Structures are given as structure tokens and as C-alpha cells.
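Participant: Structure below; questions to follow.
The values are calculated or read from the model by the stated rules, or taken from the named source; none is laboratory data. This structure is a prediction, so every number in the text was calculated from the model and none was measured. Every residue, glycine as well, gets a Cβ built from its backbone with ideal geometry; the counts of neighbours run over all protein chains shown. For the accessible areas, the whole protein counts, side chains as well, though only heavy atoms, and no ligand, DNA or RNA atoms are used. Shrake-Rupley method; radii C 1.70, N 1.55, O 1.52, S 1.80 Å.
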Amino acid sequence: MKLANVLMVDDELNILNSYRRTLRNEFNFDLALSAQEALEHLSSNKKYAVIVTNMQMPEMNGLELLKKTMEVAPDTIRIMLTGNSDQETAVNAVNQGDVFRFITKPCDKETLIVTIQAGVTQHNLLVAERVLLNRTLKGVINVLSEVLALVNPDAMDNGTIMMEHMKSLAKVLKVPNSWIFEPMVQLSQLGCVIFPQETIKNIDSGVAISEEEK
């Protein structure tokens with residue numbers, strides 16, 4: 001069974017070395033000595049199921065790191081491990097960093113492993129749910145598009161043209177994840193399935209339509 005990828009972040013080398021001893025048979029993990037180093041790992045092609053970070057670090061603290069993690073690796077489950085047990089730190093970690101779990105130092109081996117395993121499980125559930133949803137949604141949209149192509153080929157052609165315009169516009173505006181707009185464009189013409197074809201032709205040719213048609 002393939003071990004989950006986990007990223008451990010702390011500015012103290014001895015703590016990272018303790019992670020190396022504690023987790024070596026449990027997860028496939030990388031170590032980062034700073035938030036910046038952690039972001040470099042997250043920005044690579046390697047996908048991490050979980051990130052566990054310390055709170056107090058120079059230049060960029062753990063909360064700031066987790067907020068950036070939400071942007072660069074939104075599927076990575078975020079866990080905060082810190083000596084700050086005050087309520088404000090915990091609340092900020094949950095509300096601003098969307099933290100899955102908040103655990104305090106010192107943390108025993110069993111608690112750390114169980115917490116990370118829970119994060120891995122949560123990651124797997126999110127990914128599986130998204131894959132299932134995407135497959136189901138794409139399947140439904142494709143079927144509806146096929147119906148539209150049979151009933152109203154012109155409307156289907158309009159959707160194709162709109163798709164190209166959307167992609168060009170997204171590229172110029174540098175819109176990230178422009179693929180999420182594709183289902184919207186495909187669905188935008190579905191009303192034409194039940195719309196009278198003669199009325200559509202009249203509108204396209206500039207012929208006046210009746211009040212009933214309006």
C-alpha cells in the first residue's frame with residue numbers, strides 16, 4: 001500500500017529530526033525548516049495529503065503558511081502543531097487557516113500519528129468526492145449536450161463558439177481554473193431544447209415575433 005505524502009514544517013532542526021525518527025515507517029514525508037521552504041515543496045509537482053506546521057516561525061508564521069497553502073494546494077489537509085495553547089491562536093488557526101486539527105506541544109508519538117492519519121483519511125474523502133462529482137456532472141452535461149445537438153444543432157454551434165470566446169477571454173484576463181466555466185457555457189444553450197425553432201430563426205433573421213413568442 002502506497003504511503004501518503006506528508007509535509008512537516010518547523011524552524012527547529014532537532015524537532016524535524018524527531019519527526020524523521022517517529023514517522024519514518026508511517027508516512028512518505030518531507031521536512032521543511034521554514035515556511036518558504038514548505039511553499040517550495042507545495043508548489044512542486046508532488047501532491048501532499050497533509051501538512052503539519054509549527055506556529056511560531058521567523059519571517060512567516062504557521063498561520064500565514066496555512067493561509068497560503070489554501071491557495072497553492074487547496075486539497076492538502078492542514079494541521080497546526082504548536083506550543084501556543086491559548087484560545088485566540090486556536091480560533092485563528094481554524095477560522096483563517098481552515099485547520100483540520102489543532103494539537104499542542106509536547107505531542108506524543110501516538111497522538112501525532114493518529115492525527116495525521118485522520119488528515120490523510122479526510123484528504124482521501126475529499127478527493128474521492130470531487131472525482132465522483134466531476135464524473136457524474138460531466139456525464140450528465142455530455143448527455144444533455146448530445147440531446148441539444150440533435151434537437152437544435154445551431155444552438156450547439158453557438159455553445160461551441162461561446163466556449164472559444166470564453167477560453168480566449170480567460171487567457172487574456174489570466175483567470176485561473178477557467179475549466180470551471182466550461183460546464184456553464186455548455187448548459188447555457190439548453191433552453192433552446194424546448195424553444196420553438198421557428199421563433200429562433202425569426203429572431204436570428206430579424207423578423208418581428210408575436211407577443212406570445214416573446
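Participant: Residues in segment 121-131: is at least one small (Gly, Ala, Ser) and under 16 Å from MET8 (Cβ atoms)? Before the answer, list the steps.
Facilitator: Within segment 121-131, the first condition is being small (Gly, Ala, Ser), and the residues that meet it are 128.
Now restrict to residues that are under 16 Å from MET8 (Cβ atoms): none.
Checking segment 121-131: not a single residue is small (Gly, Ala, Ser) and under 16 Å from MET8 (Cβ atoms).
Participant: Next question, about the same structure. Please work out if ALA128 is outside any strand (DSSP E or B), of a type in the set (Gly, Ala, Ser) and touching a strand residue (DSSP E or B) at 6+ places or on another chain (Cβ under 8 Å).
Facilitator: On the way: outside any strand (DSSP E or B): yes; of a type in the set (Gly, Ala, Ser): yes; touching a strand residue (DSSP E or B) at 6+ places or on another chain (Cβ under 8 Å): no.
In short, no.
Participant: Moving to a separate point now. Could you figure out which of (1) at pLDDT 80 or above; (2) surrounded by 12 or more Cβ atoms within 10 Å (Cβ to Cβ); (3) within 30 Å of ARG24 (Cβ to Cβ) isn't true of VAL140?
Facilitator: Failing condition for VAL140: (3).
Participant: Checking ARG101 against (1) farther than 22 Å from MET70 by Cβ; (2) of a type outside the set (Asp, Glu); (3) in contact with a Ser or Thr (Cβ under 9 Å, 6 or more places away or on another chain), only one condition comes out false. Which one?
Facilitator: Here ARG101 meets the rest and fails (1).
Participant: Out of segment 163-202, which residues are surrounded by 13 or more Cβ atoms within 10 Å (Cβ to Cβ), more than 13 Å from LEU148 (Cβ to Cβ) and more than 26 Å from the chain's Cα centre (by Cα)?
Facilitator: Matches in segment 163-202: THR199, ASN202.
Participant: Going by what's in this entry, would LEU148 be described as open to solvent by 60 Å² or more (accessible area, probe 1.4 Å), in contact (Cβ under 8 Å) with a residue 40 or more places away in the chain and in a helix (DSSP H, G or I)? Talk me through it step by step, then tell me what you get.
Facilitator: On the way: open to solvent by 60 Å² or more (accessible area, probe 1.4 Å): no; in contact (Cβ under 8 Å) with a residue 40 or more places away in the chain: yes; in a helix (DSSP H, G or I): yes.
So LEU148 does not fit the description; no.
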